[in-house]
Amino acid sequence: MKLATIKDGSRDGRLVVVSRDLKQAVKPCHVTTLQAALDDWDSAKPDLEELYGRLNAGEVKEAFDFDQVACESPLPRAYQWADGSAYVNHVELVRKARNAEMPETFWTDPLMYQGGSDTFLGPRDKIKMASEDYGIDMEAEVAVITGDVPMGATPEMAEKEIRLLMTVNDVSLRNLIPGELAKGFGFFQSKPSSAFSPVAVTPDELGDKWDGKKVFLPLVTHLNDTVLGKPDCGVDMVFDFPTLVAHAAKTRPLAAGAIVGSGTISNVDETTGSSCLAEVRMLEIIADGAPKTPFMRFGDTVTIEMFDEAGASIFGQIHQEVEKYEL
């Protein structure tokens, strides 16, 4: 099943069921927002699935053309946005570039930060920043949306609460990060609003490319018209999604609608490219002693998309332009 939220002038938008080919959509009558569906998932899901089946069969008179440009993120705001760093290769490169040792615990205990979740960007919304000096970067990721996860849940328990998957552009301001982390209190200004794919999908939409823990497909990122990377999300993922969700729930319950991200997709095989400019620059530092690739500038675009083996888009396309912000 594929679900999206279209802009309707309200804070939480209007839930729509989207056809598998992303061409048609319909507004369900019994539930109007994705958060409401997640709050009562056991009741809402069967009716949404029945509508999805009829939509794919061409049996819904109320169907209309699905426009990805009109989408909010599937959850325009959420109770929780916790982003992990499941690809330790990415972390290792960051530290290697500045000649820092990586603690052994990074291989056994996930890194995770709590992001702002009150103002997500839509998948086609512009990334508005006051200055290019912030070091504007994309981070292409996958995320899951959970049901209610009890505090202290095991990974096995957490796996059963994974409701939906999305792709992510976790925007980062690289030149603000060092100063914030030096304070010893984590990210805040350096992590502005993130954007999520037009569509959130139930795990069964991925077929055998989802094993209950990882997505085994490449995530393709373009900077302007150039492919930046297409690493496989299932390769080199040290901490799978049930582990990340359980980590987030160690000392608190997670409410239905909590979003947990994978962190920047990164493969050890450098021929697959990178999912962020920071990693590109790290590899340049390691190879040549200095970075040569700049961070994003006003007018640059980033595109993030995942395709199935037949070449069809699964989640739709994140496509954003960087624009100067004027108060």
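Couple of notes before you dig in:
Here's the yes/no breakdown for (1) open to solvent by 40 Å² or more (accessible area, probe 1.4 Å); (2) more than 30 Å from residue 17 (Cα to Cα); (3) in contact with a Lys or Arg (Cβ under 6 Å, 6 or more places away or on another chain); (4) among the hydroxyl-bearing types (Ser, Thr, Tyr):
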site	(1), (2), (3), (4)
284	no, yes, yes, no
300	no, yes, no, no
303	no, no, no, yes
317	yes, no, no, no
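- Hits in region 61-76 - residues which are surrounded by fewer than 18 Cβ atoms within 10 Å (Cβ to Cβ) and either among the β-branched types (Val, Ile, Thr) or in contact with an Asp or Glu (Cβ under 6 Å, 6 or more places away or on another chain) (or both): 69
- Count of residues meeting criterion [among the aliphatic types (A, V, I, L, M) and either touching a Leu at 6+ places or on another chain (Cβ under 8 Å) or at positive phi (or both)] in region 45-63: 3
- Entry remark, region 207-227: residues being farther than 16 Å from residue 307 by Cα and in contact (Cβ under 8 Å) with a residue 40 or more places away in the chain number 4 in total.
- Pick from region 94-150, criterion among the polar types (S, T, N, Q) and at negative phi, ranking: modelled with the lowest pLDDT: 105
- Residue match in region 164-175 (condition: assigned to a loop (DSSP other than H, G, I, E, B) and open to solvent by less than 10 Å² (accessible area, probe 1.4 Å)): yes
- In the set (1) under 25 Å from residue 320 (Cα atoms); (2) open to solvent by less than 30 Å² (accessible area, probe 1.4 Å); (3) in a loop (DSSP other than H, G, I, E, B), the condition left unmet by residue 153 is number (1).
- Of the residues screened, residue 234 is one that is outside any strand (DSSP E or B), open to solvent by less than 30 Å² (accessible area, probe 1.4 Å) and either modelled with pLDDT of 95 or more or under 30 Å from residue 299 (Cα atoms) (or both).
- Total residues in region 19-50, condition over 21 Å from residue 77 (Cβ atoms) and open to solvent by 20 Å² or more (accessible area, probe 1.4 Å): 13
- Residue count for region 109-149, restricted to those that are among the hydrophobic types (A, V, I, L, M, F, W, C), open to solvent by 40 Å² or more (accessible area, probe 1.4 Å) and touching a Ser or Thr at 6+ places or on another chain (Cβ under 6 Å): 1
- Within region 122-150, being farther than 23 Å from residue 188 by Cβ, part of a loop (DSSP other than H, G, I, E, B) and touching a Lys or Arg at 6+ places or on another chain (Cβ under 8 Å) holds for one residue alone: 147.
The values are calculated or read from the model by the stated rules, or taken from the named source; none is laboratory data. For clarity, every value in this text was computed on a predicted model and none was experimentally measured. Virtual Cβ from ideal backbone geometry, glycine too; neighbours counted across all protein chains shown. Note: areas computed on protein heavy atoms with side chains; ligands, DNA, RNA excluded. Shrake-Rupley method; radii C 1.70, N 1.55, O 1.52, S 1.80 Å.
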